[in-house]
Protein chains: 2
Amino acid sequence: MNAKTTQLLSLTPLEKAPAQGVNLWVYHSLRRALMCGQIEPGLPLTIRGLAEVMHVSPMPVREALHRLTCEGAVEVRDNRRVMVPQMTAARFKELYELRIVLETHAAESALPYCRPEHITELERLDNLIDLAYQHSDTGEGSLANQEFHRYLYQRNPFQVAVPLIESVWLQLGPFVRFAKNKLTQHYRIDRHKEALQALRQQNAFALRRAIEADIRDGLASIQAVEGIHEHFKEQALSA
Amino acid sequence: MNAKTTQLLSLTPLEKAPAQGVNLWVYHSLRRALMCGQIEPGLPLTIRGLAEVMHVSPMPVREALHRLTCEGAVEVRDNRRVMVPQMTAARFKELYELRIVLETHAAESALPYCRPEHITELERLDNLIDLAYQHSDTGEGSLANQEFHRYLYQRNPFQVAVPLIESVWLQLGPFVRFAKNKLTQHYRIDRHKEALQALRQQNAFALRRAIEADIRDGLASIQAVEGIHEHFKEQALSA
DNA sequence: TCTCTAAGATTGTGATCATATAATGACGCC
DNA sequence: GGCGTCATTATATGATCACAATCTTAGAGA
C-alpha cells in the first residue's frame, strides 16, 4: 500500500510455521534474522512494514517486537522507531565479557550433571558445527555453535542462566556478519575438544578455561577482521 | 461479570500513572507487586481478570504479561494459565549464585567510573535503605537496596548487565516475603559501607568481596527464617 | 531563496470483535 | 456407582478499528 512499507527489509527468509501460533513464528523468524546479523543496524523496523512483508496482521508483529525489545535485541529510538542498536566498540567488549562471566559459571554449574551420553551428544553437536562452517555458512555455524553451548549449560536441570545467555547472544547477533569464515575456522583449534576432555575428567577449572578460551577465540576472529572499527558507530552519537 | 474474574487478586495496590501509557503503568504495577512478593506463587493470573481489577482493557495487560513472561517473572503453565513460578530450593540457590556472578562483575566494571560525587549519592541511597527498614517495610527496603546496587552498576556508561540483573531480582521477588525485617537489619552489618570504602580506594578486589558478602547476607537472612523449607515446593511437581 | 507553519502521512497504542482451544461440568452408558 | 464423552464456558490469540502523537513535506511569506 505505502511505498515505504515495502522497505529494504526483504531480507526475511521466512521459516516454516511449526503450527505453534503466528506470534511465535514471527518472533522466531525475527530472532533468527537478528542472530545471523541479517538485519542492518539503524534500519527502522515498523510494525506495519514487517506485518506486510511477512503477510500477517500487525498484532503478532507488535508482540514479537515488544518481546525482542525487552530482550535487548532491538532498541526503541525516541519513542517511535524501533531499530537494531548501533554497534560500538565499548558495547561489544562489555557483551563479550558478560558472555565469559555467564557462560563459565553456567558450564561449571552444569558439570556435575554431565553423564557420558551427554558428552556423546556434545560430540555430535560439535561435528555439526564443523559441517556448517565447511558449507561456509557463517550464520548457520554460529547457530550450531550456540546449540553446543546451550546443550551443555542445560544439563543442569535447575539452570536459570540460559535465558540471560541467550539474551547476550541475541545482542551480539548484529556482529556475526563480520565473522569471517576462514578466520573462524582457523582460530577454531577446537576449544570444544578441550571442554569435552574437561567434562570427562570432571575438571571444573579446565572446563572454565576451555569455555573462556572458546569465547575469546570467537572474539578474536571478529576483531581480526581488518577495518572492523570502521563499522562501529562512535558512541558520541547518543551523547 | 464473571464470578471468578473478581479473583483473590485484590492485592493490587495501584500506583499512580506517570502519564506514560497504560501499558507501562500496568507493567510497572505488576512488576512492583512481584518484586515485593505480593502475588502468591501458583495463583493463576488471567488477562481479563487483571484487566478488570485494574480497570483497563485487556490489551495493556496482555502486553505486560508477555513482557513479564520473557523476563522470567511469570511462567506459562501448559499453554493457557500464567502464574508466578513455584519456589524450589534449587532454583533459589541458582538465582542467588547468578546474582553474585553478575553483580560482582558489574560492580568491578563500574569501579573505574566512580567519581566522588557518585559515592556521595551512594551514601544517600544507603541511608534511604536504613530509613525504609526502620519503617519496617520489607518490600520498600528491598526496593531501596536495589536502587543502591543499580546506581552503582550504572556508573559504567556501557553497562549491559543491568537488565539481566534486574531480571534475576524479579525472579527472586516472590522470596522477599520471607525476609524478616529484624533479621535483615541485624545481618546488615553494612556491607555497603565496605563497598563504599573499596570504591574510594579504587580497590576492585575489596569491592567484589563486599558485594558478594552483601548478597550472601541477604541470602542468609532468608534462609535463617525457621521453617522456610516448608514454603518450597518440591521439584518433583514438574518432573 | 530561505524559513516557518500547517496539513497530510505514518505509526504506535488501546479497544473491540471474532475465533480457536482448553478447562469444567453434566449427562449418559456401562 | 464409576467412568467416558460431549457441551458449555472461559480464555488467549489474532484481526480490525479508532485515535493520538510524531514526522514529513508542501506552500506561503519574508
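Numbers for the structure displayed
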quantity	calculated
Tally, over the stretch B:199-214, of residues that are buried (at least 19 other Cβ atoms within 10 Å of the Cβ) and closer than 18 Å to B:Leu98 by Cβ	3
Count of residues meeting criterion [touching a residue at least 24 places away in the same chain (Cβ under 8 Å) and in contact with a strand residue (DSSP E or B) (Cβ under 7 Å, 6 or more places away or on another chain)] in the stretch A:65-76	2
Matching residues in the stretch B:75-111 - criterion: being of a type in the set (A, V, I, L, M) and part of a loop (DSSP other than H, G, I, E, B)	B:Val84, B:Met87
Among (1) crowded, with 16+ Cβ neighbours inside 10 Å; (2) within 16 Å of DNA strand C (Cβ to nearest atom); (3) not hydroxyl-bearing (Ser, Thr, Tyr), the one test that A:Leu98 misses	(2)
Members of the stretch B:56-79 found to be within 9 Å of DNA strand C (Cβ to nearest atom) and either among the hydroxyl-bearing types (Ser, Thr, Tyr) or open to solvent by 50 Å² or more (accessible area, probe 1.4 Å) (or both), listed by number	B:Ser57, B:Pro58, B:Met59, B:Arg62, B:Arg77, B:Asp78, B:Asn79
Flag if A:Gln159 is modelled with pLDDT under 95 and open to solvent by less than 30 Å² (accessible area, probe 1.4 Å)	no
Among the residues listed as B:Gln171, B:Gln159, the single one being within 22 Å of B:Arg32 (Cβ to Cβ) and either within 14 Å of chain A (Cβ to nearest Cβ) or in a loop (DSSP other than H, G, I, E, B) (or both)	B:Gln171
Some residue of the stretch A:183-193 being at pLDDT 85 or above and open to solvent by less than 30 Å² (accessible area, probe 1.4 Å)	yes
Which listed residue is in contact with a Lys or Arg (Cβ under 8 Å, 6 or more places away or on another chain), within 14 Å of chain A (Cβ to nearest Cβ) and open to solvent by 20 Å² or more (accessible area, probe 1.4 Å), from B:Gln154, B:Gln86	B:Gln86
Residue list for the stretch A:112-124, restricted to those being assigned to a helix (DSSP H, G or I) and either surrounded by fewer than 19 Cβ atoms within 10 Å (Cβ to Cβ) or charged (D, E, K, R) (or both)	A:Pro112, A:Tyr113, A:Pro116, A:Glu117, A:His118, A:Ile119, A:Thr120, A:Glu121, A:Glu123, A:Arg124
Selected residue (criterion: most open to solvent (accessible area, probe 1.4 Å)) from residues of the stretch A:24-55 that are more than 19 Å from A:Glu166 (Cα to Cα) and in contact with a Ser or Thr (Cβ under 7 Å, 6 or more places away or on another chain)	A:Arg48
Condition met for B:Asp137 (away from DNA strand C (no atom under 16 Å from the Cβ) and open to solvent by less than 50 Å² (accessible area, probe 1.4 Å))	no
Residue count, the stretch B:34-59 (criterion: more than 13 Å from DNA strand D (Cβ to nearest atom) and outside any helix (DSSP H, G or I))	9
Unique match (being without any contact (Cβ under 8 Å) to a residue 60 or more places away in the chain and either more than 13 Å from chain A (Cβ to nearest Cβ) or away from DNA strand D (no atom under 12 Å from the Cβ) (or both)) among B:Arg62, B:Arg124, B:Arg99, B:Arg31	B:Arg124
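The values are calculated or read from the model by the stated rules, or taken from the named source; none is laboratory data. What you are looking at is a predicted structure, and each value in this text was computed from that prediction instead of being measured. Glycine also receives a Cβ, built like all others from the backbone with ideal geometry; neighbour counts cover every protein chain displayed. The protein model used for the area step is the full one, side chains on, heavy atoms only, and it has no ligands, DNA or RNA in it. Shrake-Rupley method; radii C 1.70, N 1.55, O 1.52, S 1.80 Å.
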